[in-house]
Amino acid sequence: MASSEAQHDSDDGMDEFMDKFKTQRYQKGFSENNWEEEFNKVPMFMKTAPEEIDPHTYPELACLQAIIHDEDRPPEEQAKTLKDEGNEFFKEKKYEKAILSYTAGLKKKCGDEDLNSVLLTNRAAAHFHLGNMRSALNDAAAAKKIKPDHLKALIRGAQSCIELRNFAEAIQWCDEGLKVHPTDKKLQELRAAADKHKRAAERDARKNKIKEKKLHGEKEALLAAIKDRGIKLLQSAKPRRRCSDSEDEGSSAALSPLSLDGLSSQEVTGAQVFLDEQRSLHWPVLFLYPEHRQTDFISAFCENNCFMDHLAVMFGEELPPWDEDRKYHSQNLQLYFEDEEKETFYQVNPEMSLLKVLQHKRFFVKAGTPSFIVLVKGSSFRKQFLTEKKIQGLNFPLKNT
């Protein structure tokens, strides 16, 4: 009887509770506007897991996480759970998070060697997809140490070695794998690829060695040619000190030893002196026109050519656009080179060869590029430019010898 009354009271209470919905809406339920958002907070209906699990926002998910990561469970069980978690991250291509999960599983130090080797190979795969080839190789090696016949570890180790261009080591990984998995097609393909790359790398190395030997011979011949001609190179990086006129040019601290380091032109063209088949030197030469702040660059001025050969072409029938006064005719031009150490300008006869000028005792090749100043004979600018400057002529005959 008492039970019947209790049931009756309960039913009456439920009826009263349900009757409320006829007159007012349930305030704590899902609304038409937020039901999808609320459903996404329930683990069973979630489309994607949140990056960070806030217990206040996702209480159910926080409870499940606490159960999964319960420290009271055996290490093997915890490690397996973390492996599965890492696999889910891996499937979603969240390789960084997968690595964290696999690492956490390894830190459990469970006694299951199969599980530990799987954690290592899986972490190696995640590292591989991130481009961390050295880390992938280390994990594959650690897995192979636990289980020498682990196929995935052997494959991942060989792949990592190929990416690191350690082709001989990749072949060694494949050979070890094929001893225990002789019919595995992946290992066979990797070995064939590694062997092909190894032979190509060895061939390229032989070619490079031959090329380097040839370049070295050419450099030695070039330096010998410069030295035989008595041409002097200048170290422009070091400040030059003044010296007396009687001081021999060989004692200048600015002279650089004969090496190709000082022979690369600093111009945009990057041209450099070279020795042709007839054993003639060709120099990059710079002409400066201070009156108009202009320059000309000849990338290969043969040492046997005279300056007039080039001036006649550069200032022939068609004069440069910046010569508005039309006065830069080849026969009106004067050439000079500057000896900064002695603060002297040397006038160059245009009929001289480049070699004769380069052999002058006070000419120093700076930055691998001989340079000359060009002025117009009798011009007001020339007079002003050379004011208070020491001028000397070259002690060479006017014609080539």
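Readers should treat all values here as calculations from the given coordinates under stated rules, not as data from a laboratory. Given the structure is predicted, the values throughout are model-derived calculations rather than measurements. When we count neighbours, we look across all protein chains shown, and the Cβ atoms used for this are built from the backbone with ideal geometry, even at glycine.
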Per residue of segment 213-222, what does 6.51 cos²θ - 1.76 cosθ + 1.60 with θ = phi - 60° give for ³J(HN,Hα)? Whole Hz please, x for Gly and Pro, Karplus curve as stated. 5, 5, 4, 4, x, 5, 5, 5, 5, 5
Within segment 136-240, list the trypsin sites (Lys or Arg not before Pro) lying in a DSSP loop whose Cβ has at most 14 other Cβ atoms in a 10 Å radius. 165
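How much FRET efficiency would the formula 1/(1 + (r/R0)^6) give for residue 91 and residue 280, where r is the Cβ-Cβ distance and R0 is 60 Å, rounded to 0.05?
Approximately 0.30, to the nearest 0.05.
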Would you pull out the residues with amide H under 5 Å of residue 301's amide H, same chain only if 5 or more places away, H placed 1.01 Å from N? 283, 285
Mind running the shape call on segment 274-393? Use the C-alpha gyration tensor, a ≥ b ≥ c as the square roots of the eigenvalues: rounded below 1.5 for a/c, prolate if a/b tops b/c, oblate otherwise. oblate
Return the long-range amide H neighbours of residue 274 (sequence gap of 5 or more, or a different chain), with a cut-off of under 5 Å between placed amide H atoms. 282
Please find the FRET efficiency linking residue 380 to residue 297, where r is the Cβ-Cβ separation and R0 is fixed at 30 Å, and quote it to the nearest 0.05. 0.65
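Could you give the length gained on full extension between residue 229 and residue 107, defined as 0.36 nm per residue of separation minus the Cα-Cα distance, in nm?
This chain segment gains 36.7 nm when fully extended.
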Under 27 Å Cα to Cα from residue 219, which lysines show up? Leave out anything in the same chain fewer than 8 places away. 207, 209, 211, 227, 232, 238, 356, 361, 366
In whole Hz, with x marking every Gly and Pro, tabulate ³J(HN,Hα) for segment 201-210 from phi via Karplus 6.51 cos²θ - 1.76 cosθ + 1.60, θ = phi - 60°. 5, 5, 5, 5, 5, 5, 4, 5, 5, 5
